[in-house]
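Input: a single structure, listed below in structure tokens.
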Amino acid sequence: MAGNSQRNNRSVSKKKGPQIGSGGKRRRGLEGKGPTPPASARKGHIKNRVANAKAKQAQRRPAARRGGKGSSEMVVGRNPVFEALRDGVPATTLYVQQFIDNDERVREALQLAAERGGIHLMEAPRPELDRMTGGLNHQGLVLQVPPYEYAHPDDLVTAALDDGEDPLIVALDGVTDPRNLGAVVRSVAAFGGHGVVVPERRAAGMTAGAWKTSAGTAARTPVARATNLTRALEAYQKAGLTVVGLAADGEAEVGDLAALDGPVVIVIGSEGRGLSRLVGETCDIRVRIPMPGGAESLNAGVAAGVVLYEAARLRR
């Protein structure tokens, strides 16, 4: 009987509590692990995938605000290619015809491309260059110019304010000659402006010709492209900028305009037509450049230089 009692006691003791020396592991195992995370935080859940996709889209939004890209361009011919390379026009590839006559201009172009670096040299047969250029007289040299990265009109104001300066911007209305655009970019750079705005349609863009006329200043002076120039000017007005239009019949002279000393966007029209009706009506004030010599108008590059000089003088 005594032996049976001891066996029963041992069997009962095995069923009670944790084993000696367990350190309470069994008790910690019963503790909770906190609240269940929401579905959007659980890896693999459909809501988690949706949340990740929205986050990636938000990261891409600043790039979507850019003014977009221009189209790629080909510069053809020995002299044009040499001049583009000499003047710092951006380029990705220089195509050279196989078995080309290696004259002085060809050697100079190849040397410039090698010195600049980052330009691929590709040898191609004449029929391939004919196809690439649409049958133009390429003389065995073709330079590939990459698409221009346009800024957004708002970027110009942001950059000026970040530098603690009042924005000084030039907008072009109906200017279709790339050389005029390049000249305006050069004037903006010379007189401390913050960029140029051009319409997306029916306007000159940053082509190789514009780059050449800018004499390298296009590398540091942003050009923004606006889908609708009138709406872009209205947005500038809401941001506190004065919109000043140049017109032969303007109500004030440039030299009398104190607004050039503050945040301003100067709008310049084409040499022949001037400002379009809607753009002219949007301007806060229209000013004229006095011309005692009797000339009817100035091209966009010269007009921009005159007004920007006056603005720089007032801002000293």
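Here, each number is a calculation from the coordinates, and none is a lab measurement. In this text the structure is predicted, and so the values were computed from the model without any measurement. Here Cβ is always computed from backbone atoms with ideal geometry, including for glycine, and neighbour counts include all displayed protein chains.
Using a Förster distance of 41 Å, how high is the FRET efficiency between Thr227 and Arg105, based on the Cβ-Cβ distance and rounded to 0.05? Efficiency for this residue pair is about 0.50. In terms of the mean number of neighbouring beta-carbon atoms within 10 Å, the peptides 258-265, 124-131 order highest first as 258-265, 124-131. Dividing the mean sequence gap of close Cα pairs (under 8 Å, 6+ apart) by how many residues the range 120-256 holds gives a relative contact order of 22 percent. When each of the peptides 101-111, 180-190 is scored by how many other beta carbons lie within 10 Å of its residues on average, the order from highest to lowest is 180-190, 101-111. Each Lys or Arg adds one and each Asp or Glu takes one away; over the other residues whose Cβ falls under 12 Å from the Cβ of Glu115, this sums to +1. The alpha carbon gyration tensor of the range 181-238 gives principal lengths a ≥ b ≥ c with a/c of 1.5 or higher and a/b no greater than b/c, which makes the shape oblate. Based on alpha-carbon atoms, the Kirkwood radius and the radius of gyration of the range 265-316 give Rg/Rh equal to 0.97. For the peptides 280-292, 224-236, the ranking by mean Cβ contacts within 10 Å, running from highest to lowest, is 224-236, 280-292. Taking Cβ atoms as reference points and 13 Å as the exclusive limit, the residues near Ser276 contribute a net charge of +3, counting Lys and Arg as +1 and Asp and Glu as -1.
Dipole check for the range 77-159: with +1 at the C-beta of Lys and Arg, -1 at the C-beta of Asp and Glu, and the Cα centre as origin, the magnitude is about 240 Debye. Spacing of the modelled spin labels on Glu165 and Asn79, each 7 Å from Cα toward Cβ, amounts to 3.7 nm. Starting from the Cα gyration tensor of the range 225-279, take the square roots of the eigenvalues, sort them a ≥ b ≥ c, and report rounded, prolate or oblate (rounded when a/c is under 1.5, otherwise prolate if a/b is larger than b/c, else oblate). Cα axes put the range 225-279 in the oblate bin.
Only one residue of Leu275, Pro167, Thr213 has its Cα farthest out toward the positive end of the dipole of the range 166-302, where Lys and Arg carry +1 and Asp and Glu -1 on Cβ, and that residue is Thr213.
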